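A.B. asks: Sharing a structure, written as structure tokens. Questions coming.
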2 protein chains.
Amino acid sequence: MESLKVSLGDRSYPIHIGQNLLGLADLLVPHIKGSQVCIVSNETIAPLYLQAVETALHDYSIISVILPDGENYKTLETAALIYDSLLESNFSRSSTLIALGGGVVGDITGFAAATYQRGIRFIQMPTTLLSQVDSSVGGKTGVNRPLGKNMVGAFYQPQCVVIDTTTLNTLPDRELKAGLAEVIKYGLINNTDFLAWIEKHIDDLLARDPDCMRHAIRISCEEKAAIVAEDETESGIRAILNYGHTFGHAIETAMGYGNWLHGEAVATGMVMAADLSMRMGFIRQNDLDRVVELIRRAGLPLIPPAMAAETWINLMKKDKKAQQGLLRFILLKGLGKAAIVDEVPASTLRETLGAISPKT
Amino acid sequence: MESLKVSLGDRSYPIHIGQNLLGLADLLVPHIKGSQVCIVSNETIAPLYLQAVETALHDYSIISVILPDGENYKTLETAALIYDSLLESNFSRSSTLIALGGGVVGDITGFAAATYQRGIRFIQMPTTLLSQVDSSVGGKTGVNRPLGKNMVGAFYQPQCVVIDTTTLNTLPDRELKAGLAEVIKYGLINNTDFLAWIEKHIDDLLARDPDCMRHAIRISCEEKAAIVAEDETESGIRAILNYGHTFGHAIETAMGYGNWLHGEAVATGMVMAADLSMRMGFIRQNDLDRVVELIRRAGLPLIPPAMAAETWINLMKKDKKAQQGLLRFILLKGLGKAAIVDEVPASTLRETLGAISPKT
């Protein structure tokens with residue numbers, strides 16, 4: 001087992017990464033206050049892993065809430081299911097939530113923890129690659145609205161993150177690839193050594209080689225932890241973690257949540273952002289080619305759905321990074337060097353939207 | 001105009017109290033970031049005061065959201081109305097919410113501000129006595145669930161509180177009296193000089209004498225600001241602000257939100273808590289008589305609705321102060337001296353529930 005730390009003063013917390021960690025009570029007990037624990041999972045994950053966690057915590061008063069599976073259920077209504085289960089069991093302010101599942105479970109559970117009785121403790125136990133390398137770390141919690149993804153939420157840090165890499169054995173291929181999109185992102189935005197390592201090991205990662213997988217998760221978590229420690233509430237540098245996400249969120253919103261996986265939309269968004277970076281003169285054609293090639297080898301989509309430029313722009317204006325209707329992009333100033341860019345000419349953006357689009 | 005400060009480090013903020021403040025842009029402008037302002041009000045208050053605030057802020061991009069009036073609408077669904085109005089107008093993270101109304105408007109608006117795009121600025125402009133002396137100060141925000149009041153929410157401080165005492169001229173008598181319940185509370189829990197002043201001036205307050213009203217609001221806000229500064233998230237001493245509220249919330253939940261006004265339920269709850277304090281040996285009969293007499297003179301209810309003891313206890317176990325099913329009360333250890341008490345014998349509680357109940 002390897003352990004890292006997210007350094008946030010009195011809100012610091014550990015990330016544990018290793019095999020067969022779900023049943024280890026010792027990792028959880030120090031972070032639980034009181035006797036009431038509620039495990040939130042979903043219909044897919046609960047049959048596989050819920051019992052292991054329940055057994056580890058048999059000394060506690062445990063309830064579980066099993067949500068339907070999918071981004072479509074990342075809503076206020078689903079959060080209300082959690083609130084009401086806690087209320088029915090008289091769960092107090094001293095109770096603890098555990099999120100056992102992917103990013104949707106983690107985001108909703110974190111939001112419920114941030115807002116139940118004005119805030120209770122929670123622990124992340126992510127079971128998908130995407131949530132292990134991204135959403136379980138950093139305290140972004142929230143739910144979607146019909147008009148935009150993650151538009152309701154809170155910055156609220158977990159007590160700890162327990163990443164059991166054996167859970168990846170049951171992950172569908174499509175979700176594994178979607179998770180690799182975020183792994184690739186860390187290489188592109190901040191770490192060319194890691195980018196080169198991914199390029200060398202992409203086939204091992206797709207084959208779920210345990211050592212490669214653990215390394216990829218560890219470096220990804222280290223990258224994220226360092227950026228979050230520097231800028232917890234995204235007043236500046238943290239925004240570079242959203243590389244590919246402005247285009248990606250637009251795809252997800254346009255296609256309806258869950259039809260494109262988040263990682264798939266981000267992968268295509270990273271291609272589009274790299275294309276825009278090149279058109280802005282920040283990177284060269286061979287840098288762009290390298291981005292495209294890696295995403296292609298990871299089995300991720302390179303082309304977004306057909307959408308009019310106006311539709312793209314309207315959707316992107318709803319992005320949280322947008323400032324009062326002005327678009328803001330995270331672009332590459334070089335491979336491994338992402339930056340926030342406010343001054344993208346509309347004409348250049350339209351060139352990218354035209355170039356990276358389905359050819360009819 | 002008088003100004004106080006709530007001291008919370010970099011989350012400190014001013015409270016301004018005076019006549020005709022709603023139209024003073026100078027009080028608001030320093031606390032608004034960006035150009036987007038959304039005023040949240042309700043169907044009763046908006047026709048009276050919305051225009052004054054809109055006119056003061058005519059240099060900004062203003063939208064307004066008018067909610068239905070009443071505690072029944074203090075829900076996640078109503079918060080969603082605010083989120084969606086902001087999204088429809090492409091309101092960014094730099095936008096500002098203004099709560100113009102009573103406690104329900106303030107609590108929902110604060111919760112929406114705490115959670116829209118993971119947190120935006122907000123300003124409190126309370127228009128009822130209850131919200132001016134209590135809910136607008138201190139950062140408690142939230143909504144109700146069918147199983148309990150304020151069970152979903154966040155601690156989230158406003159940028160400033162603007163209390164325009166002229167808004168009290170349009171307040172119905174019943175709501176004025178309900179607000180006086182919280183004013184009396186500050187005297188009972190922490191300030192015997194203020195208690196004596198209220199006893200002397202209760203008829204002036206009921207007659208809305210402007211000087212008496214301003215004094216009562218200022219002292220109430222000072223008392224609250226001092227306690228909040230000491231314990232922002234209610235890990236200890238702040239709980240004494242809930243004097244009368246454990247019984248009161250049970251009344252509100254049992255009767256359906258809005259049938260008893262919050263201040264009415266708290267008034268009866270304060271009588272019950274005083275009775276329990278006497279039975280615990282903390283205060284004398286003549287102290288209890290003084291509490292009862294003042295609440296009677298304020299025109300507030302002394303007797304709760306008929307309810308079985310088991311119903312009372314089950315409802316009170318859902319109180320946020322309850323610790324894993326154990327009841328916790330705020331009791332008077334003397335007039336002006338409230339304290340948290342965990343060890344109330346069930347038999348003593350049942351005596352109070354029997355003594356302070358409708359005589360059939």
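Here's the yes/no breakdown for (1) touching a helix residue (DSSP H, G or I) at 6+ places or on another chain (Cβ under 6 Å); (2) farther than 28 Å from A:GLY263 by Cβ:
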position	(1), (2)
A:ARG11	no, no
A:PRO14	no, no
A:GLN19	yes, no
A:LEU22	yes, no
A:ILE45	no, no
A:THR75	no, no
A:ASP84	no, yes
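A.B. asks: Return only the number of the condition from (1) over 16 Å from the mean Cα position of the chain (by Cα); (2) away from chain A (no Cβ under 14 Å) that B:ALA265 does not satisfy.
C.D. replies: (1)
A.B. asks: Which residues, counting only those in region A:124-145, are within 14 Å of another protein chain (Cβ to nearest Cβ), among the polar types (S, T, N, Q) and under 13 Å from the mean Cα position of the chain (by Cα)?
C.D. replies: A:SER135, A:THR141
A.B. asks: Test B:ARG290 against the criterion of being touching an Asp or Glu at 6+ places or on another chain (Cβ under 6 Å) and surrounded by fewer than 23 Cβ atoms within 10 Å (Cβ to Cβ), and give yes or no.
C.D. replies: no
A.B. asks: Helices (runs of 4 or more DSSP H) wholly in region B:25-111 with at least 1 residues that are in contact (Cβ under 8 Å) with a residue 40 or more places away in the chain and away from every other protein chain (no Cβ under 13 Å) - which ones?
C.D. replies: Result: B:25-28, B:46-56.
A.B. asks: Something else: Inside region B:211-240, can you point out the residues that are within 14 Å of another protein chain (Cβ to nearest Cβ) and either of a type in the set (Val, Ile, Thr) or surrounded by 18 or more Cβ atoms within 10 Å (Cβ to Cβ) (or both)?
C.D. replies: B:VAL228, B:GLU232, B:THR233, B:GLU234, B:ARG238, B:ALA239
A.B. asks: I'm trying to understand the selection: among the residues of region B:247-260, which are within 14 Å of chain A (Cβ to nearest Cβ) and either surrounded by fewer than 18 Cβ atoms within 10 Å (Cβ to Cβ) or under 14 Å from the mean Cα position of the chain (by Cα) (or both)?
C.D. replies: Residue satisfying the conditions is B:HIS249 alone.
A.B. asks: Within the bounds of region B:114-123, is there any residue that is touching a helix residue (DSSP H, G or I) at 6+ places or on another chain (Cβ under 7 Å), in a strand (DSSP E or B) and away from chain A (no Cβ under 14 Å)?
C.D. replies: Checked region B:114-123: at least one residue is touching a helix residue (DSSP H, G or I) at 6+ places or on another chain (Cβ under 7 Å), in a strand (DSSP E or B) and away from chain A (no Cβ under 14 Å).
A.B. asks: Would you call B:GLY263 crowded, with 24+ Cβ neighbours inside 10 Å, modelled with pLDDT of 90 or more and not β-branched (Val, Ile, Thr)?
C.D. replies: The answer is yes for B:GLY263.
A.B. asks: Right, something else. Output the number of the condition that B:PHE194 fails; it satisfies all remaining conditions of (1) assigned to a helix (DSSP H, G or I); (2) in contact (Cβ under 8 Å) with a residue 40 or more places away in the chain.
C.D. replies: Among (1) assigned to a helix (DSSP H, G or I); (2) in contact (Cβ under 8 Å) with a residue 40 or more places away in the chain, the lone unmet condition for B:PHE194 is (2).
A.B. asks: Can you spot a residue in region B:110-117 that is of a type in the set (A, V, I, L, M, F, W, C), assigned by TED's automatic domain parsing to the domain that holds B:VAL143 and touching a Leu at 6+ places or on another chain (Cβ under 8 Å)?
C.D. replies: There is at least one residue in region B:110-117 that is of a type in the set (A, V, I, L, M, F, W, C), assigned by TED's automatic domain parsing to the domain that holds B:VAL143 and touching a Leu at 6+ places or on another chain (Cβ under 8 Å).
A.B. asks: Right, here's the next one. Can you name the residue in region B:122-166 that is touching a Leu at 6+ places or on another chain (Cβ under 7 Å) and charged (D, E, K, R) and, of all such residues, is surrounded by the most Cβ atoms within 10 Å (Cβ to Cβ)?
C.D. replies: Within region B:122-166, the match that is surrounded by the most Cβ atoms within 10 Å (Cβ to Cβ) is B:ASP164.
A.B. asks: Just one of (1) within 14 Å of chain B (Cβ to nearest Cβ); (2) out of contact with any Ser or Thr (no Cβ under 8 Å at 6 or more places or on another chain) trips up A:ASP319, so point out which.
C.D. replies: The one condition A:ASP319 does not meet is (2).
A.B. asks: Identify, please: which residue in region B:20-34 is small (Gly, Ala, Ser) and under 26 Å from the mean Cα position of the chain (by Cα) and is, among those, nearest to B:TYR60 (Cα to Cα)?
C.D. replies: Taking the candidates together, the pick is B:ALA25.
A.B. asks: Inside region A:128-156, can you point out the residues that are in contact (Cβ under 8 Å) with a residue 60 or more places away in the chain and assigned to a helix (DSSP H, G or I)?
C.D. replies: Matches in region A:128-156: A:LEU129, A:LEU130, A:GLN132, A:VAL133, A:ASP134.
A.B. asks: Which residue, of B:ALA46, B:ALA52, is buried (at least 21 other Cβ atoms within 10 Å of the Cβ) and hydrophobic (A, V, I, L, M, F, W, C)?
C.D. replies: Going through B:ALA46, B:ALA52 in turn, the sole match is B:ALA46.
The values are calculated or read from the model by the stated rules, or taken from the named source; none is laboratory data. Note that the structure is predicted; figures quoted are calculated from it, not measured. Glycine also receives a Cβ, built like all others from the backbone with ideal geometry; neighbour counts cover every protein chain displayed.
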